[in-house]
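Novice: This structure is in C-alpha cells; I'll ask about it shortly.
Each value in this text was obtained by applying a stated rule to the coordinates, not by laboratory testing. Predicted, not measured: the structure shown is a model, and the values here were computed from it. Methodologically, a virtual Cβ is constructed for each residue, glycine included, from the backbone with ideal geometry; neighbour enumeration extends over all protein chains shown.
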Amino acid sequence: MNSFQTIVLGIFGFFIIAGLLVIATVKTTGETGAAQVTLWGSAPEAYMSTVLKESFDSDDLVVTYKEIAPELLDQELLEAIASGRGPDAVLLPAELLIRYRDKVAVIPYANYSERTFRDTFIQGAEIFLDQGGIFALPFSVDPLLMYYNRDILDSAGVVTPPKFWDEFLTLGGKLTRRDGIGNISRSAVALGEFRNVASAKEIIAALFLQSGNPIIGRDAGGLYYSALDQSGTVPVLDFYTEFANPLKPSYSWNRSQPNSRDAFISSRLAIYFGFGSELRELRKANPNLNLDTAYFPRPRSSEIPLTYGKITGVSVLKIAANPSAALAVAFKLSSPQPLTRYRDLSGLPPIRRDLLAQRPTDAFGGILYDSAIRARSFPDPNPSASTPLFQTMIESVTSGKAKSREALGVAASKLQSLLK
C-alpha cells in the first residue's frame with residue numbers, strides 16, 4: 001500500500017469535507033497553521049480565484065491556483081514534475097489521462113465507490129474510472145454545439161437547423177454561394193478540411209464516437225489500443241471529406257477559406273461547430289451577429305445523440321507535498337457549491353447530475369445542459385502528436401493521395417505507436 005492510500009483510508013464518504021480539512025491541516029503542518037496546496041489548470045484564473053476563495057475561506061487551508069494555457073499545460077506540467085517542482089493537484093483534461101496515469105494518485109473505490117461516482121457525475125466523466133479506482137474527481141464539461149446564423153438560414157428558406165447529418169448533404173446547394181469560376185463567397189458548413197476548421201479534431205472525433213468507434217479502446221487486461229481502423233470508420237471519413245470535394249453537391253469548404261470561426265463571425269458561414277464556452281466570445285466579437293445554438297447533429301440511425309466534450313477533473317499528483325490536503329481540495333471542488341459557483345461564472349453547464357437536474361429557463365441553457373449529458377471524450381495518448389496525425393489523415397483524402405481506408409490504416413498505426 002502506498003503513502004497516498006494510507007492517507008485516504010480514513011475517508012469514508014464524499015461529504016466528509018470538514019473532516020478531510022482537519023486531517024489535511026494536521027498532516028501538513030503538525031500544528032494550527034494553514035495547509036498549503038498548489039493547483040494548476042487551464043480554467044480562467046478570474047473564475048477560479050472566486051471559487052477557491054469562497055470554498056476555502058478559512059485559516060485551515062490555502063489553495064494557490066496557477067492558470068496555464070491549454071496548449072502549454074502538458075509541457076509545463078511534465079517539466080515541473082520532472083524537476084520536482086510540480087503542483088499538488090491539477091485540473092486534468094480527459095485527453096491527457098493516458099499520459100498522466102502513472103503520475104496521479106488513484107482514489108481507491110473503498111474510499112469513493114464506483115456506484116457513487118456513476119450516480120453523481122455525467123457518463124462522459126467515467127473516462128476517469130479505472131479498474132483500481134478513480135484518477136480524477138470531475139470538475140467541468142464543455143460540450144461541442146452547433147451554432148448557426150439565423151439570417152442566412154431564413155434567407156434561404158431553411159425553416160429549422162439540421163438535426164441529422166444526412167440533411168447537410170443538401171444544404172450546400174441552398175446556403176453556399178459560388179461565383180462563375182467556383183470561388184466560394186459564403187459557405188453552408190465548414191467540414192472536409194482540417195487546418196482552417198476550428199475544432200476539426202474534436203468534430204471528427206465526435207463523428208467516430210457517434211458511429212460507435214471509441215478511437216482508443218481497452219482490452220480485457222486494461223491495455224489501450226488504437227481502434228481507428230475498425231469497421232464502420234470508412235463511411236465516417238468519407239462523409240467528412242465529402243464537403244471539400246468540388247464534384248459533390250455538398251461541396252461548401254476548401255483550404256483557401258478563412259478560419260471557420262472567423263468566417264462565422266463575419267457572416268460568411270451559415271453553420272459553425274464550436275464549444276459552449278465560445279458563446280460569449282462569439283457574441284462579443286460581433287454583437288450584430290444573429291446567431292442561435294442547436295444540438296450537435298447525429299446520424300439518423302443513432303439512438304444516442306452523442307457529442308464531444310472537453311472534460312476535466314481534479315487529480316492529486318503522486319509528487320504532492322500535501323497529499324491529504326490536495327485530496328481535500330479535490331473532494332471539495334467536485335461538490336455542489338463550488339461547481340454551482342463555477343457554472344455561474346463560466347456559463348458552462350455543471351458536470352454533476354443533481355445540478356443538471358436544475359434546468360435553466362433561458363434560450364441557450366437547456367441545450368447546454370442536455371449537451372453536457374451527451375458529451376463524451378477519448379483518452380488521447382499524446383494530443384500534440386495526434387493532432388497532426390488527424391490532419392494528415394484528412395488531408396491525404398481531400399488531396400487525393402489516399403483512399404479513406406488507407407488513410408485510416410496509416411493513422412491507426414501511428415496512433416498505436418503513440419500508445420507504446
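Novice: Hey, what number do you get for the chain at 222 nm if only DSSP H runs of n ≥ 4 count, each worth -39500 (n - 2.57), divided across all residues, to the nearest 500?
Specialist: One gets -11500 deg cm²/dmol as the mean residue ellipticity at 222 nm.
Novice: Ranked from highest to lowest mean number of other Cβ atoms within 10 Å per residue, what is the order of the peptides 135-146, 75-86, 298-309, 398-409?
Specialist: Highest mean packing first, the order is 135-146, 298-309, 398-409, 75-86.
Novice: I've got another one for you. Pairs of Cα atoms under 8 Å, at least six residues apart: use those to get the relative contact order of segment 299-412, whole percent.
Specialist: 25
Novice: Which whole-Hz ³J(HN,Hα) couplings does segment 169-175 yield from phi under the Karplus relation 6.51 cos²θ - 1.76 cosθ + 1.60, θ = phi - 60°, glycine and proline marked x?
Specialist: 5, 10, 5, x, x, 8, 10
Novice: Points 7 angstrom from Cα along the Cβ direction at ILE304 and ALA46: gap in nanometres?
Specialist: Between ILE304 and ALA46, the simple spin-label model gives 3.7 nm.
Novice: Let me ask something additional. Taking the Cβ of ILE98 as the centre, find all other residues whose Cβ is under 13 Å away and add up their charges (Lys, Arg: +1; Asp, Glu: -1).
Specialist: Net charge in that neighbourhood comes out at 0.
Novice: If you count, for each residue, the other Cβ atoms within 10 Å and average over each peptide, how do 198-205, 155-162 line up from highest to lowest?
Specialist: Ranked by mean Cβ neighbours within 10 Å, highest first: 198-205, 155-162.
Novice: Among THR120, THR361, THR170, which comes first, then next, by fewest other beta-carbon atoms within 10 Å?
Specialist: Exposure proxy ranking, most exposed first: THR361, THR170, THR120.
Novice: Further question on the same structure: Considering only C-alpha atoms, what is the centroid distance from segment 71-89 to segment 181-255, in Å?
Specialist: Answer, in whole Å: 32.
Novice: Suppose we take every Cα in segment 169-327 and form the convex hull; what volume per residue is that in Å³?
Specialist: Output value, Cα hull per residue: 183 Å³.
Novice: As a test, work out the antiparallel percent of DSSP beta bridges whose residues both lie in the chain, rounded to the nearest 5.
Specialist: 70
Novice: Hey, can you grab everything whose amide H is under 5 Å from the amide H of LEU145? Only 5+ residues off in sequence or another chain; H modelled, so Pro and N-termini drop out.
Specialist: Placed amide hydrogens put GLY274, PHE275, GLY276 under 5 Å from LEU145.
Novice: 5 Å is the cut-off here: which amide hydrogens, built 1.01 Å from N in the peptide plane, fall below it relative to VAL106, excluding neighbours closer than 5 in sequence?
Specialist: Under 5 Å from the amide H of VAL106 lies no amide H from a residue far enough along the sequence or on another chain.
Novice: Continuing with the same structure: Highest mean first, what order results for 254-262, 279-287 on Cβ atoms within 10 Å?
Specialist: Ranked by mean Cβ neighbours within 10 Å, highest first: 254-262, 279-287.
Novice: So, R0 is 60 Å and r is the distance between the beta-carbons of GLU406 and ARG118; what FRET efficiency does that work out to, to 0.05?
Specialist: The calculated FRET efficiency here is 0.90.
Novice: Now for a different question. Can I get the semi-axes of the chain's equivalent ellipsoid? Compute them from the C-alpha gyration tensor as square roots of 5 times the eigenvalues, in angstrom, largest first.
Specialist: Square roots of five times the eigenvalues give 41, 24, 18 Å.
Novice: Mean separation of Cα pairs under 8 Å and 6+ residues apart, divided by the residue count of the chain: what relative contact order is that in percent?
Specialist: 27
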